[in-house]
4 protein chains.
Amino acid sequence: MKSLIIRIECADAIGLVFKITEIFFRAKLNIIENGEYVDELNKRFFMRSVVSGQVPDNEALKRDLLQVLPQGARVDISTNDTKKIVVFATKEHHCLGDLLLRNLYKQSNFEIQAVIANHADLGDLVRKFNLTFHYLPTEGKTRQTHESKIGTLLAKYNYDYLVLAKYMRILSPEFVAQFAYKIINIHHSFLPAFIGAKPYNQAFERGVKIIGATAHFVTDDLDQGPIIYQDVMNVSHHYTAKELAKAGKEVETAVLARALELVFEERVMINGNKTIIF
Amino acid sequence: MKSLIIRIECADAIGLVFKITEIFFRAKLNIIENGEYVDELNKRFFMRSVVSGQVPDNEALKRDLLQVLPQGARVDISTNDTKKIVVFATKEHHCLGDLLLRNLYKQSNFEIQAVIANHADLGDLVRKFNLTFHYLPTEGKTRQTHESKIGTLLAKYNYDYLVLAKYMRILSPEFVAQFAYKIINIHHSFLPAFIGAKPYNQAFERGVKIIGATAHFVTDDLDQGPIIYQDVMNVSHHYTAKELAKAGKEVETAVLARALELVFEERVMINGNKTIIF
Amino acid sequence: MKSLIIRIECADAIGLVFKITEIFFRAKLNIIENGEYVDELNKRFFMRSVVSGQVPDNEALKRDLLQVLPQGARVDISTNDTKKIVVFATKEHHCLGDLLLRNLYKQSNFEIQAVIANHADLGDLVRKFNLTFHYLPTEGKTRQTHESKIGTLLAKYNYDYLVLAKYMRILSPEFVAQFAYKIINIHHSFLPAFIGAKPYNQAFERGVKIIGATAHFVTDDLDQGPIIYQDVMNVSHHYTAKELAKAGKEVETAVLARALELVFEERVMINGNKTIIF
Amino acid sequence: MKSLIIRIECADAIGLVFKITEIFFRAKLNIIENGEYVDELNKRFFMRSVVSGQVPDNEALKRDLLQVLPQGARVDISTNDTKKIVVFATKEHHCLGDLLLRNLYKQSNFEIQAVIANHADLGDLVRKFNLTFHYLPTEGKTRQTHESKIGTLLAKYNYDYLVLAKYMRILSPEFVAQFAYKIINIHHSFLPAFIGAKPYNQAFERGVKIIGATAHFVTDDLDQGPIIYQDVMNVSHHYTAKELAKAGKEVETAVLARALELVFEERVMINGNKTIIF
């Protein structure tokens, strides 16, 4: 039986779960998995339901839900299908290679539509996997020109997310603004830094999940977008800077892969500048 | 405002969340935190709700819920109050000491009512914290006699859980049967693995690179009860069997403390021989 | 400047480091990294030295060392060159794919000479990377015949190690005996624990909160060879047996890759049925 | 048989291990454990040897060693005896309580001589363990006056290290200067922050071991002293700021305890602003 993933975000109020599940019940949808979270500071309600069953019209279900929810509510209904992605890369192969293998074996729930790179180096690798590699050099181009070329290219593809797999160019706020919470980046470090007083309050405000390499949504505030996943590994005084970088790549590869799974299974909701992971 | 924790377990059916939350809604209870899990293999439904608000009578609320649930449903309603525990120990101090400190500062949500030990060694430690220490030696006693003495002692106390903090006596199935899922044990190893005596000698012989510990409910099948929490630490060839045991104690202490928090916050539900952790 | 890795194992005695390093000194070899371990139970001495400099003849250096060491000493001298490996696989791609990528980019210190599989499935993947894939089916063949075919094939290659990257056939003690501590396997579990078929079904039935993987040398005692590396990840009641298996593959991939690095950097020495990792 | 721990630091040169171990050999000292590290960037040599045997005079052994080492070498000879410590605290009990328990059972290799606090709150706890508690309030005192009172108090004790177990006062550079690498602090966060370019080079320069709570030596540059040990734990969006702080305390407690073990077993050497952990 098919299943739907329904994600709801709205102002908190009494009876929300009752009202929502009443609609599920009348539509003969059976809840398989349900996650709910109330941000008590900001009085926001978040719910993710996986339901089995089918409705004739997702849009009608959405309208029914919006009718019982507080004004300004947001409802997303999707099937847990594979997500289409375009991958951005530069010269480093570790994250891209891992994604290409996962793509080949449908090991994770995404399908790579194309790879765009600002260097030619990774073309051979991508072509081994019979995927399209677009080389868009930046030399002699303004950022605006370069990004407009990317935009033209993207227009040819169907995609749900853009994945920056060690893409070493900064995207302009104008570019990013077109893809709200649709660009996922892997950061070579632990975001953020909690120097000074009240670190746990800072950590709370920042919504950290842990430290290590960090996968996050890209917003116009560089490296400051909502954190999706973080992990770490141990190192010692034996590591040279080069060996630290090598070790870091292992963590980056694993963290990006895990973050994509979480997002593509629709487990991630945005709460201000943090994520909620169901 | 006071909050209730309501845990429900029953056969799975369509509309359960709707029917349950309708009752919450009519009782003016607001859901703060909600967890739900359906065991699709066994068609069992599990739900844990933290609700704010108050009802005049918890038993009436329970009856209302049972009325809309499939036959054989189980409903637990509790306030997230501190749990009363009796701790069992033998000679090792590491878990007990940690629990005594947490108790003193109300750092975790339990109150130690008394400590029962089959050796006298830890009496001084317990008395430092102004708690009652019962020394019940086993020498010259049958298991039955010894356990009957424990039973008599326990009858004097009010308690929610019995915590075996490195209690090195095996409890009889008859004894255990009286306290279904109310006895929590810390096991000196991953489970399953290295069952039996001298686990760290076994780990040393095998040359493991990781050691762990497992907190679990005690059932009549020794060390086979539902697992609550597990954790590990890295070790190396440098560790002697004695050093492995020392390292193991650090893990045991941390794992037991965490497991108690999960159980006492009513986050743990039993599903056959497994746990569900909300 | 070139560097040598010298590994020495012998009965423990006073003055060993002095006698060994005196020879290094006279040969104008400078110690860059030095690890030493004495197994005090068995009175065995282990030492691994990375030295910079060069000697006209490694064999002469070895003879000089043996002359000052107790009888029965073992001396290995090697340069930290890339190791040549033959990879064995069956149907699962996760470990093999990862090794192929590392091989392509010389990311780890090995060079794949060929891949041997008892199923044809992974041939396409291997050929993408322009490597030789040998399909040696087992149907209708005795183990002896099959292994003799493997032997014939291996005879054509130059290799230092055989890597079982989810090779699901048991190798006979006779076969294994030819490659003492030269076969590395990845095991789908912690060892010891869940030995046998369908480990993730066992893990699921037991309701574990952690799963792991173990890389070890293959000896004639199945899955009981010296452990090289182990790691774990957290899981929860949400995981189906299938999801546990998927998660397990991620750990297996990472653990095998790390174990190979340790072995190929000559960091691993054998001490009975255990490893010493320098 | 007694054992000595000998730590040597000097400019790197050919033949150092030979020259050092020749002296061990002539003194009939048997090496049980040996660690060596060469900082190739700065051409510094570090060695830690655990030797069994005994010499009539440690100072004579030291002189013999200094004679064969490059000028400016540093030699420390000690027995792995229990270290004497004075603990500083403020109001938080978690680290202090853990240290008091370890002290009581000689679980770690330290003996608490006294506890000094700038608040009276923890006095009862310390006295339970029959240890001296000094309450030195800071109100109405300049830093200088307060620290001079601490100095007067410390003069009465024999101690090897000062342990800041959540001591929430900043010590002046003048005070710290008197105790080079003899003050150990636990920091409530992950030190340091790697925002910006070349994070792995930054990490290398900073000498991190991992991130999480951080135990470090106190130098006059606040929170910037050499890192001894770090660890992490996972958190989620469910954690309030208060719960994050609670979780942080668990990590702090474990990290400080582990760091003390490493330092007190003489496993830690200082290399500029980093540590080498043998």
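The values are calculated or read from the model by the stated rules, or taken from the named source; none is laboratory data. Predicted model, so just to flag it, every value in this text is computed and none were measured. Neighbour counts run over all protein chains shown; Cβ positions are idealised from the backbone, glycine included. Remember, those area values only see protein heavy atoms, side chains included, never the ligands or the DNA or RNA. Shrake-Rupley method; radii C 1.70, N 1.55, O 1.52, S 1.80 Å.
Things to note:
- Complex-versus-alone comparison for segment A:101-120, residues with a loss of 40 Å² or more in accessible area, probe 1.4 Å: A:101, A:105, A:107
- 0 to 90° range, to nearest 10: angle between helix C:58-68 axis and chain C longest Cα axis: 70 degrees
- Ranked from shortest, the separations from the 7 Å Cα-to-Cβ label point of residue D:168 to its equivalents in the other copies are 4.1, 4.5, 5.9 nm.
- Label-point spacing at residue B:149 relative to the other copies reads 5.2, 7.0, 8.6 nm, in ascending order, each point sitting 7 Å out from Cα along Cα→Cβ.
- For a label point 7 Å along the Cα-to-beta-carbon line of residue C:76, residues of segment C:99-113 with backbone N under 19 Å: C:108-113
- Comparing B:86, B:224, B:55 along the charge dipole axis of chain B, the residue lying farthest to the positive side is B:86, per the Cβ-charge model.
- Placing unit charges on the Cβ atoms of the charged side chains and taking the dipole of chain B about its Cα centre, the candidate lying farthest along the positive direction among B:25, B:239, B:154 is B:154.
- Carbon + sulfur, % of accessible area of the protein assembly as shown - ligands and nucleic acids excluded, 1.4 Å: 49 percent
- Most fluctuating residue given options C:205, C:111, C:261, as computed from a GNM of chain C linking Cα atoms under 10 Å: C:205
- Residues of segment B:8-53 buried by at least 50 Å² of accessible area upon assembly of all protein chains, compared with the chain on its own (1.4 Å probe): B:14, B:18, B:25, B:30, B:32, B:34, B:36, B:37.
- Across chain B, the mean sequence separation of Cα contacts (distance under 8 Å, 6 or more residues apart), normalised by length, yields a relative contact order of 15 percent.
- Burial annotation for segment B:238-278: residues with an accessible-area loss of at least 40 Å² between the isolated chain and the complete set of protein chains, computed on heavy atoms with a 1.4 Å probe, are B:238, B:246, B:250, B:274.
- Only Lys, Arg, Asp and Glu carry charge here, each on its Cβ (+1 for the first two, -1 for the last two); on that basis chain C has a dipole of about 400 debye about its Cα centre.
- Think of a 1.4 Å ball rolled over the protein heavy atoms: segment C:8-133 then has 41 Å² of accessible area per residue.
- For segment A:1-102, size of Cβ-based charge dipole, Lys and Arg +1, Asp and Glu -1, in debye: 240 debye
- Computed helical MRE - 222 nm, chain C, DSSP H runs ≥ 4 contributing -39500 (n - 2.57), nearest 500: -9500 deg cm²/dmol
- The charge dipole of the protein assembly as shown, taken about its Cα centre with unit charges on the Cβ atoms of Lys, Arg (+1), Asp and Glu (-1) only, comes to about 0 debye.
- Residue with peak Gaussian network fluctuation, chain C [Cα springs, cutoff 10 Å], from C:122, C:41, C:66: C:41
- Summing charges over all other residues whose Cβ lies under 9 Å from the Cβ of residue D:271, with Lys and Arg as +1 and Asp and Glu as -1, gives 0.
- Distance between the pseudo-spin-label points of residue C:153 and residue A:41 (7 Å out from Cα toward the beta carbon): 5.9 nm.
- Among A:110, A:264, A:25, the residue with the largest mean-square fluctuation in a Gaussian network model of chain A, with springs joining Cα atoms closer than 10 Å, is A:25.
- Distances between copies at residue D:53, taken between label points 7 Å from Cα along the C-beta direction, are 2.3, 8.0, 8.2 nm in increasing order.
- Helix axis angle, B:94-104 relative to chain B longest principal axis, alpha carbon, degrees: 50 degrees
- Summed over both chains, the contact between A and B buries some 1800 Å² of accessible surface at a probe radius of 1.4 Å.
- Pairs from D:83/D:182; D:2/D:28; C:84/C:182; A:166/C:246; A:106/A:128; A:166/C:128 whose Cα-Cα separation, in the structure shown, is over 18 Å: A:166/C:246; A:166/C:128
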